[in-house]
Each structure stands twice: as structure tokens, then as C-alpha cells.
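The values are calculated or read from the model by the stated rules, or taken from the named source; none is laboratory data. These numbers were taken from a predicted model, which means no experiment stands behind them. Neighbour counts run over all protein chains shown; Cβ positions are idealised from the backbone, glycine included.
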Amino acid sequence: MYRFLLTPRWWGINVFVLLAIPFCIFMGSWQLGRFEDRVDNHRGAEDDVVAGRQEKARPLDTLLPVDKATSGRQATASGRYEEQFLVPHRDLDGRPGHYVLTLLHTGTGKVLPVVRGWLPGDPEPAGAPAPPDGEVTVTGALQASETPGSNGVPALSGLPEGQTGAISSASLVNLVPHDVYDAWITLNQGDSGMRAVPAVAPGGTGLDIKAFQNLGYTAEWFAFVGFVIFMWFRLVRREAELLRDTELGLDPAGETKPEPGRRQEQDRPEQQGRPSPSGV
């Protein structure tokens with residue numbers, strides 16, 4: 001009954017199935033490997049941040065520009081605190097709050113954004129502690145400029161005066177008439193009783209949308225394997241049923257075809273019981 005599998009048409013179908021299954025398995029395994037690499041990269045970046053806290057602080061300029069290798073490293077800089085901004089919608093340990101961001105005017109002519117700490121609740125300028133006066137030396141974890149809409153940074157607009165949505169030179173350069181470092185640091189210990197903001201891994205090393213896309217593609221490729229096998233068995237079964245119906249004298253609609261001469265035999269008794277035209 002299954003000799004039809006050796007016909008040229010079915011040879012093409014079988015070859016396609018035999019090639020499609022390993023190809024789908026290979027692509028699914030490759031996507032899974034990409035996801036695992038991103039997970040390992042994420043863990044490695046978090047380990048680097050933890051290790052960076054234990055390292056000796058280095059001068060800020062020796063760690064610039066900020067990249068995956070220097071992000072989270074301990075940096076130190078000296079200068080005077082001047083302008084202060086609040087960064088709203090920043091949660092810490094599941095609690096809503098905001099950052100207190102103060103610009104440090106260094107001897108290089110540039111200003112360094114420094115996150116002095118975190119406060120709960122809505123941002124209120126009167127509730128933010130004033131920065132220390134005079135020359136100060138700050139030490140904290142080096143961070144890359146934020147990009148709104150990525151790495152957990154909300155894209156905000158229309159904020160009131162004294163607030164900024166992202167900690168980046170691109171945002172702050174429109175708020176102050178100074179050159180701003182394309183980096184910022186978060187103090188290891190919160191200033192003036194505020195809670196310290198922990199450093200985060202650099203963007204592109206976490207379990208972002210791309211990582212979960214790889215996981216989704218993995219499921220799709222393995223689902224294709226099951227679909228190909230299912231369709232092959234379904235086609236084989238359908239072909240076998242058609243051949244069996246043909247052997248039984250059934251048409252595709254499932255009706256029995258009368259055998260030759262059978263209708264004539266069934267009509268004979270009727271014809272025998274009818275009176276002849278001559279009335280005999």
C-alpha cells in the first residue's frame with residue numbers, strides 16, 4: 001500500500017522533509033545558543049559591577065570613554081558642586097522615588113553628573129538635600145550616559161524646571177551652559193542621609209528584548225520540526241486512504257461506483273414484469 005512513497009513526487013517530498021528537520025533543529029539550537037550567550041554575558045557584566053566595587057578608585061579621565069570594560073569601575077574626581085537636578089520615576093527595591101543629581105565642576109572645564117542618592121516619593125526641590133560647599137572629592141561607580149527608552153530608562157518629556165528624564169550629556173547640555181562629561185558616577189554611599197543608587201550593568205549586556213527574541217525564535221524553529229513531521233504523516237495517511245478507496249471502488253466523494261452490468265441485471269426483473277407492447 002505504501003509503494004507510492006517510492007514515486008518521483010514522493011521522493012521530492014521525502015527529501016524536503018529529511019532536509020527541513022535537521023535545518024530547523026540547527027537553527028533552533030543556534031538561537032538557543034545566542035540566548036545562553038546573552039545570559040552568560042549578563043551574569044558576567046553583573047559580576048564585573050560587583051568586582052568593580054572592591055577595586056581601588058582610579059582618576060576619572062583614565063577610565064574614559066566608558067565602555068563595557070570600564071562601566072561599573074570605581075572612579076574619583078574633585079571639584080565643586082553647583083547645579084542640581086532631580087531625576088523622576090526611578091524605583092529602588094520596588095519603591096517609587098527619584099534620584100538627586102548634582103553637577104560637579106572639575107578642574108578640566110567640564111562638569112561631571114554625580115548621583116548623590118535616592119529619595120522616595122515624588123520629586124520636590126525643597127526636599128532634596130543641598131550639596132556640600134567648597135572643594136570635594138567624590139568616589140563612585142562609573143556609568144555610561146543613559147539612553148531614554150532603553151535599559152530601563154523611561155522616555156520622559158515636558159518635565160518641569162529642575163528635572164531631567166535621563167542622565168546623559170545630550171540631555172544636560174540643553175540645561176546648563178557647560179561642557180558635560182559623557183559619563184556619570186553614582187556615589188558608593190548616599191550623601192546627606194540619602195540611599196546610594198547601585199551601579200547597573202552597561203546596556204547591551206542584559207536580558208533585554210533581543211535575548212527574549214532569541215528564546216522565542218528557538219521555540220518557533222523547534223515547533224517547525226513538529227509541524228513538518230505532522231504534515232508528512234498527514235499526507236502519507238491521506239494518500240494511503242485514497243489508494244484504499246480506489247481499490248474498493250469508491251470515488252473521492254465516498255460513493256460506491258456500480259460494477260459494469262450490475263444495473264442491467266437489476267433492471268431485468270422490472271422489465272420482465274412489464275406487459276409487452278403487443279399485450280402478450
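Against the condition of a type in the set (A, V, I, L, M) and either in a helix (DSSP H, G or I) or surrounded by 13 or more Cβ atoms within 10 Å (Cβ to Cβ) (or both), how does Ala155 come out, does it pass?
Working: of a type in the set (A, V, I, L, M): yes; either in a helix (DSSP H, G or I) or surrounded by 13 or more Cβ atoms within 10 Å (Cβ to Cβ) (or both): no.
Judged against the criteria, Ala155 is not a match.
How about region 111-136: which of its residues are assigned to a loop (DSSP other than H, G, I, E, B) and crowded, with 21+ Cβ neighbours inside 10 Å?
Once the filter is applied, which keeps residues that are assigned to a loop (DSSP other than H, G, I, E, B) and crowded, with 21+ Cβ neighbours inside 10 Å, region 111-136 yields Pro123, Ala128.
Of all residues in region 99-110, count the ones that are at pLDDT 95 or above and either crowded, with 23+ Cβ neighbours inside 10 Å or not in a strand (DSSP E or B) (or both).
Qualifying residue count, region 99-110: 7.
Does region 56-69 contain any residue that is of a type in the set (Gly, Ala, Ser), modelled with pLDDT under 85 and in a loop (DSSP other than H, G, I, E, B)?
So far as region 56-69 goes, yes, one or more of its residues are of a type in the set (Gly, Ala, Ser), modelled with pLDDT under 85 and in a loop (DSSP other than H, G, I, E, B).
Among the residues of region 199-211, is there at least one that is under 30 Å from Leu19 (Cβ atoms) and in a helix (DSSP H, G or I)?
Yes: one or more hits.
Is it true that some residue in region 166-186 is farther than 25 Å from Ser78 by Cα and either touching a Pro at 6+ places or on another chain (Cβ under 9 Å) or not assigned by TED's automatic domain parsing to the domain that holds Ala77 (or both)?
The answer is no, given that none of the residues of region 166-186 is farther than 25 Å from Ser78 by Cα and either touching a Pro at 6+ places or on another chain (Cβ under 9 Å) or not assigned by TED's automatic domain parsing to the domain that holds Ala77 (or both).
Filter region 228-244 down to the residues that are surrounded by 12 or more Cβ atoms within 10 Å (Cβ to Cβ) and aromatic (Phe, Trp, Tyr) and list them by number.
Trp232
Can you list residue pairs whose Cβ atoms sit under 9 Å apart, with the first residue in region 195-215 being among the charged types (D, E, K, R) and surrounded by fewer than 17 Cβ atoms within 10 Å (Cβ to Cβ) and the second being part of a helix (DSSP H, G or I) and at pLDDT 85 or above? Count only pairs 6 or more apart in sequence or on different chains.
Cβ pairs passing all conditions: Lys210/Arg34.
Quick one: in region 69-98, which of the residues that are of a type in the set (S, T, N, Q) and more than 20 Å from Ser150 (Cβ to Cβ) is surrounded by the most Cβ atoms within 10 Å (Cβ to Cβ)? Write out each step before concluding.
Residues of region 69-98 that are of a type in the set (S, T, N, Q), as a first pass: 70-71, 74, 76, 78, 84.
Pick out the ones that are also more than 20 Å from Ser150 (Cβ to Cβ) and you get 74, 76, 78, 84.
On the way: Gln74: 19, Thr76: 17, Ser78: 14, Gln84: 17.
Checking each candidate, the answer is Gln74.
Restricting to region 6-26, name every residue that is surrounded by fewer than 13 Cβ atoms within 10 Å (Cβ to Cβ) and in a helix (DSSP H, G or I). Break it down stepwise before answering.
Here is the first cut: in region 6-26, the ones surrounded by fewer than 13 Cβ atoms within 10 Å (Cβ to Cβ) are 6-9, 11-12, 15-16, 18-19, 22, 26.
Residues satisfying the conditions are Leu6, Pro8, Arg9, Trp11, Gly12, Val15, Phe16, Leu18, Leu19, Pro22, Phe26.
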